[in-house]
Each structure stands twice: as C-alpha cells, then as structure tokens.
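In what follows, a single structure is set out as structure tokens and then discussed.
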Amino acid sequence: MPTAEFTPLVHAVADIETAAPTADTAVISWVKGIAELVKPEKIFWCDGSEAEWQLLTSEMVAAGSLIQLNKSIRPNSFLARSSADDVARVEDRTFICSTKEEDAGPTNNWCAPEEMIAKLEPLFNGAMQGRTLYVIPFAMGPVGGAITQYGLQITDSPYAVLNMHIMARVTPDVLREIEAGKQWVRTVHSVGAPLAPGEADSTWPCNSEKYICHFPETLEVWSFGSGYGGNALLSKKCFALRIASVMGRNEGWLAEHMLLIKVTNTDTNKTYNVAAAFPSACGKTNLAMLHPTIPGWKVETLGDDIVWLRQGEDGRVYAINPEHGFFGVAPGTGEETNPTAMETMWGNTIFTNVALTDDGDVWWEGKTAETPAHLIDWQGKDWTPDSGRVAAHPNSRFTVAAIQAPTIAAEYTTAPSGVPLDAILFGGRRATNVPLVAKAYDWQHGVFIGATISSEKTAAQEGNVGELRRDPFAMLPFCGYNMADYWSHWLEMGAKLGEHAPQIFQVNWFRKDADGRFLWPGFGENSRVIDWILRAVSGEVAGVEKANGIVPAPGELNLDGLEISDTDLEQLFAVDKDSWLAECEMTEEYFAQFGDKLPAQLGAELQNLRSRLQTA
Ligand code: GTP
Ligand code: SPV
Ligand code: MN
C-alpha cells in the first residue's frame, strides 16, 4: 500500500495562515478560533483521498482502535468497538439552540444560544489536547448540484474522519465552492477526551458528559463527548436533517428522514420514484434495497436514510439523497432478508459493534441461519451461543459507500439535481391498529398521517425498546424547529405543488397477532405492497374507502404464491373502531401541546377521521 509516499497536509496551529489549503478568510478564522479553544497538537486538512484512508486506517490498526478484518474474506474492511456507554444517538442530550424557545417547540430540548455557549466553552477548552484536529470539507449531494449544500467538520476522531469518507463527499473541491461564495455549515466535534503528555489513549475515547447542539440561526453544530453515529458524523442527522430542515423552511424546500427508490415496471418500462419516512431502525435500508418477490418490478436504490426535496421548474418535486454511503443497522441483515446489503458490504466497509469470527470476519444476529460456535462479541469478550447475551449490539452498524450497492440507480450519479417523485410513504413499527397499507385521501390527509405516526422505540436511540411513542414524519429526533411549524411548511408545500403533489400512503410491516407473531412476512414480500401503491398512483386500482384511508379492494393486492391465511390477511387490515377512537383521543392530547401553532387543517383532519370512524 502506497502509504509511505502520502504526505498529509498537517501543520501546527500557529502556522494556519500560511499552511491552510485555502485563502478563504472565513474558513481560516473559523478553524483558527476553534483550534485556539480546543488546543490540539496539530491540524490535519482532510482531502478524502484513498491515500488518506490508508494512512488513517493503518494508524488506527496500529493503535488498536480498529481491527483489520481478514483481507481475503473482506478486503479493506475494519471493525471498531465502541465504549459500552456510547452506542447510539443520545436524544436527551440533543439540543436546538434557537434564540426563541417557541422556534424549537415542545418536542425538542431547547437552550438559549448564549446559555449553551457558556456551557460548551469550558468543555471544549483544551478538549483536543494531545490529539490531532482534523478539518473535513464535505458536500451533501454532488458538488455543483442544484440541491447540494456544503459543510466543514472539525473533529478529533479519526474514526469519524473515516466514516465521513464513506458517508459524505469529502473533497477539497468544497473549499473552492466556499471560496466562490457558497453557503456552508460549520460543524465541530470532539470526543471530549484530552490526553495529558505521555497518557495512553483508549481504543474508543469519549466522555460521560455529552452535548449534541444545533444553532440553526448561524448554521452551526457543536457535538461533545460521543464518537458514535449520528452524534459524531455531523453531516448526517445534525446537518442533513436538523440544520437542513430549518434551511428548507427558510428557502422553501424539505429535508426528510426518508429512503429513496426508483421502481421500474418491467412490462411497460415506466419508472417511478418513491420516498418513504420510517423511524430509526424501522426498515428504510431494507426497503431501499428491496428484492421483489413478484415478477414485473425492478427496484433500484437511490438512498436509505435522508432525502432533500425541492420543487423543480416543471412544478414537480425533485428528490436527492444528499449522502454518499449507508450507515446501516447490522442485526437482522442477512442473505434471506437483505441480500443486496450483504453484497454491498463485500469490502471497503467499517463495522461498528458487531462480533468477530474466529477467521477474522464479522457476524451479528440474523446474518446467517447458523450461529457460529465461537465469537468475540462486540465488547471484545469470548462468546458462545449459550452465553446468554447478544454477540452484536442491537444498534451495531456497517458503513459502506452507496455506489457499492449492486442495486444503485444510475440517477444516483447522473441526476445531480434529483429525480421527480411519484409517491411518499409513511410508516412505523406498530404491532396493532395500523394496516399494512392505506392511501391518503389527499395531501392534507397525508400530512395528518405523517404528523400522527407512532412507533415502538428501537435500539437506535438510548431508552426503552418497545415503548410506543409519537414520531411525526419519523422526524421527532431530527426536526430542527417547531414541529407544528414544520407541519405548516408541509401543508404550504402541498398548496404550492397542487396537482403535481406526489400521492401519500401509510404502510406498516410490523403488525402482530395476539401471540406476538408478525402477520406479514415483510422484506422482499413488501414488493406486493409497492405493486399496489404504484398501480394506485397510475390509476389501475381504485381500492376501497375506509375510515383510515383507501385500502386494497379484495383481489387488488397481489398475493400469488404467498402463503398467508385469510384470518391473517383480515387482521392486517382490521380497523377496530374503539381502539382507533382511543387513538384519536391520544392524538388530540398530542396536538394540544402545540397550542396556536397547530395548523387548523390537522385539527380538521382529526375530526374527519372521527366522523368516518363513527359512520363506518
Ligand atoms: P436507521 O438506519 O436507524 O434509520 O434504520 P432503518 O429505518 O434503515 O432500518 P433497517 O432497514 O436497518 O431495519 C431495521 C430493523 O428492522 C432490522 O433488524 C430489519 O431486519 C428489520 N426490518 C426491516 N424491514 C422489515 C420488514 O419488512 N419486516 C420485519 N419484520 N422486519 C423488518
Ligand atoms: C438513525 O438513528 O436514524 C440512524 C443512525 O440512521 S444515526 O446515524 O446514528 O442517526
Ligand atoms: Mn436513520
């Protein structure tokens, strides 16, 4: 490997004016100011190159903070093990620091900017002592694209740098865009673990005190104490959702927690683009890589987590995936459930908190039908099937470039300004009540469906798994402003789009019977639902009107070759009047917290639902 010839751009803090790879005074004074505060040993300007990857991975392997996997099984791939108290996003430590509290709204933790700055200053003061300060220039979307945005991340975590290489477009071209006057987002990250001279580093430095702070008015993110996922890869949830949602409100577009697929009817060659919002760990990556089990459809991947939407000149909505890679949930991902993901991570992949096999590969629950007899678990301990604990952490993840997906759509690279959107799906993890699929009566009803999503909590956030919570638009932890204002923004978008507005559907793959068994086989079989949705979009099927929306009429859902009993099918679509009315009651209470900000249209939709239930 040509590591030896690569000389990274590294310099002392004092040399920034002469050594920085840009003359942009805003960039230089920003990096300089932060360096003076955090006091690193040196500054390292990242360029996203292969050589930089080689250098940082070999340094981390030498330091014991990455394990190189067996090169003949999984080339250029690595395993990282986090600290046991740093395994997921920390929602109770995540803050929106808008000047006015009402701009953050009741669903966010709010803190006044000056108050938060006063808390952060002492924490960041000297936070990078003994460490390298990396500056990562990154683009969200293809450089030059109509929907693309730019950012810089400062971090003291080489693990974050390597993940950013995969998750965002890291390139010095971003500095050229900034020099040319493009808007950019300033993000700062520290694991919060300064090193005294001669002090040995831990393999996963972090701090028990954590702060993930967003300043939407100045387009800044400050993250302290965690090295994991959305807490540390600031391009992702912090920028592309929390900050971008505010940019979108101000500039008339949308930043959403959605996957994006291109679906082709192989009989007619007609293509459709579909976006879907599901809460964390509720099936976005899986649907993004769907393998249809029924003939007539081809599904290609455009994105698995974040979508930015903008109205195009022709009046339609155009969508891009601003990211460059997937940070996917490992457990449950296997040849049976998601062969595409398995193929995607053939190499060049970072795994975090999965188990290590005796031959130097990775394993997690659900990867193979057979469980290995011996593993090293995610915490580095010996593990056997009778250990009585999981081998991989439930929120263990793989980080891999999107272009490695065999299903990646050509438009991922050929359509830098997005694809026109035909349908939007809202879903969640609901054991009861919510049917397999329903079409919204119209945009306003669709916004009501999105606003009232509830879902059982998963391992993607700290807290109690399984607890039911409201997660409007799957954006509860990611909306950077008042949720009610966000709903108004969606309603305004609908009014602007008029007849061009995509149709909205609700889906639920997770309904269970009384014994806790999934009623629907899910995964590839979800193609049957996509088939009905797209035939509804093209007007081939009409469905039947139910209280909750328009559901497939008998015979419309393609069940060829599927073994499903009539009772299961009936239960999948059952709308129990009493439990729905009880749910309306809870929705009313939920809406009440937004006071005057709640758009009147959503109150009206709640009344419409109640009267449809009463007359059903
Ligand atoms: P984030 O990356 O956290 O935003 O998650 P995600 O929405 O991309 O979820 P992902 O596709 O990774 O799925 C999370 C879990 O749900 C995995 O364990 C999957 O195996 C499981 N899952 C996904 N689709 C289905 C489905 O159709 N049915 C069932 N029963 N489980 C599913
Ligand atoms: C999610 O929790 O929705 C994720 C993982 O996609 S993280 O990047 O940690 O937010
Ligand atoms: Mn996500």
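The values are calculated or read from the model by the stated rules, or taken from the named source; none is laboratory data. All figures in this text were calculated on a predicted structure; none of them were measured in a lab. Here the Cβ positions follow ideal geometry from the backbone for every residue, glycine too, while neighbour counts run over all protein chains shown. All accessible areas refer to the heavy atoms of the entire protein, side chains included, with ligands and DNA or RNA removed. Shrake-Rupley method; radii C 1.70, N 1.55, O 1.52, S 1.80 Å.
Got a number for carbon plus sulfur as a percent of the chain's accessible area, 1.4 Å probe? Please list the in-between numbers first.
Numbers: 11420 of 22610 Å².
Carbon plus sulfur share of accessible area: 51 percent.
What does the charge count around Ala574 come to, taking other residues whose C-beta lies under 14 Å from its C-beta (Lys +1, Arg +1, Asp -1, Glu -1)?
Working: positive: Arg430, Arg511, Lys512, Lys546, Lys577; negative: Asp513, Asp566, Asp568, Glu570, Asp576, Asp578, Glu583.
Net charge around Ala574: -2.
If R0 is 41 Å, what FRET efficiency do you get for Glu115 and Glu17 from their C-beta distance, rounded to 0.05?
Using R0 = 41 Å, I get an efficiency of 0.80.
Starting from the residue with the highest accessible area, list His500, His324, His11 in decreasing order, probe 1.4 Å. Don't skip to the end; give the middle numbers.
Numbers: His500 75, His324 45, His11 15 Å².
Output order, biggest surface exposure first: His500, His324, His11.
Taking a 1.4 Å probe, which of Arg511, Arg316 shows the most accessible area, and what order do the others take after it? Kindly include the intermediate steps, with their values, before the conclusion.
Details: Arg511 20, Arg316 70 Å².
So, going from the largest accessible area down, we get Arg316, Arg511.
Can you figure out the FRET efficiency of Thr268 with Lys42, using R₀ = 41 Å and their beta-carbon distance, to the nearest 0.05?
Here the calculated transfer efficiency is 0.10.
Sorting check: for 60-69, 391-400, which peptide has the highest mean count of neighbouring beta carbons within 10 Å, and how do the rest follow? Write out the running numbers ahead of the final one.
Values: 60-69: 16.8, 391-400: 25.0.
Ranked by mean Cβ neighbours within 10 Å, highest first: 391-400, 60-69.
Given labels modelled 7 Å from the Cα in the Cβ direction, how far is it in nm from Ala431 to Lys32?
In this crude label model, Ala431 to Lys32 measures out at 5.9 nm.
Take the Cβ-Cβ distance between Val10 and Thr413 as r, set R0 to 25 Å, and report the resulting FRET efficiency rounded to the nearest 0.05.
0.20
Want the number for Ala84 to His374: 0.36 nm per residue separation, take away the alpha-carbon distance, what's left?
Working: separation 290, 0.36 × 290 = 104.40 nm, distance 2.11 nm.
The Ala84-His374 span can extend by a further 102.3 nm.
Ordered by packing density, taken as the mean number of other Cβ atoms within 10 Å over each peptide's residues, highest first, how do 20-31, 361-372 rank?
On the way: 20-31: 15.7, 361-372: 17.6.
Going by the mean number of other Cβ atoms within 10 Å, highest first, we get 361-372, 20-31.
If you build the Cα gyration tensor of the chain and take the root of 5 times each eigenvalue, what three semi-axes come out, in whole angstrom, biggest first? Can you show the working numbers first?
Details: eigenvalues 312, 159, 106 Å².
Each semi-axis is √(5λ); the values are 39, 28, 23 Å.
With the cut-off at 27 Å, report for segment 378-536 the share of all Cα pairs above it, as a whole percent. Let's see the in-between values first.
Numbers: 5173 of 12561 pairs.
Percent of Cα pairs beyond 27 Å in segment 378-536: 41.
What are the ³J(HN,Hα) values, in whole Hz, obtained from phi via the Karplus relation 6.51 cos²θ - 1.76 cosθ + 1.60 with θ = phi - 60°, for each residue of segment 292-308 in sequence order, with x given for Gly and Pro?
After applying 6.51 cos²θ - 1.76 cosθ + 1.60, I find x, 9, 10, x, x, 9, 10, 10, 10, 8, 10, x, 10, 8, 9, 9, 10 Hz.
How much accessible area per residue does the chain have, counting only protein heavy atoms and a probe of 1.4 Å, in square angstrom? Could the numbers behind the result be given before it?
Values: 22610 Å² over 616 residues.
Counting only protein heavy atoms, the per-residue value for the chain is 37 Å².
For the pair Phe518/Glu467, report the inter-label distance in nm, with labels modelled 7 Å from Cα in the Cβ direction.
Each label point is offset 7 Å from its Cα along the Cβ direction, giving 2.5 nm.
Report, in deg cm²/dmol and to the nearest 500, the calculated mean residue ellipticity at 222 nm for the chain, where each DSSP H run with n ≥ 4 adds -39500 (n - 2.57) and the sum is divided by the residue count.
Mean residue ellipticity, 222 nm, calculated: -7500 deg cm²/dmol.
Quantify how much of the Cα-Cα distance distribution of segment 326-403 extends past 15 Å, in percent. Write out the running numbers ahead of the final one.
Values: 1535 of 3003 pairs.
Tail of P(r) above 15 Å: 51 percent of Cα pairs.
How would you rank 250-260, 588-598, 465-475, highest first, on the average number of other Cβ atoms within 10 Å across their residues?
Values: 250-260: 22.1, 588-598: 13.9, 465-475: 18.4.
Highest mean packing first, the order is 250-260, 465-475, 588-598.
Please get the size of the charge dipole for the chain, origin at its Cα centre, with Cβ charges of +1 on Lys and Arg and -1 on Asp and Glu, quoted in debye to the nearest 20. Please list the in-between numbers first.
Values: 47 positive and 79 negative charges, 72 e Å.
Here the chain has a charge dipole of around 340 debye.
If you stretched the chain out fully between Lys577 and Ala200, how much longer would it get, using 0.36 nm times the residue separation minus the C-alpha to C-alpha distance?
Numbers: separation 377, 0.36 × 377 = 135.72 nm, distance 6.24 nm.
Extending this stretch completely gives an extra 129.5 nm.
According to a simple spin-label model (label point 7 Å from Cα along Cα-to-Cβ), what is the distance in nm between Thr218 and Glu589?
4.0
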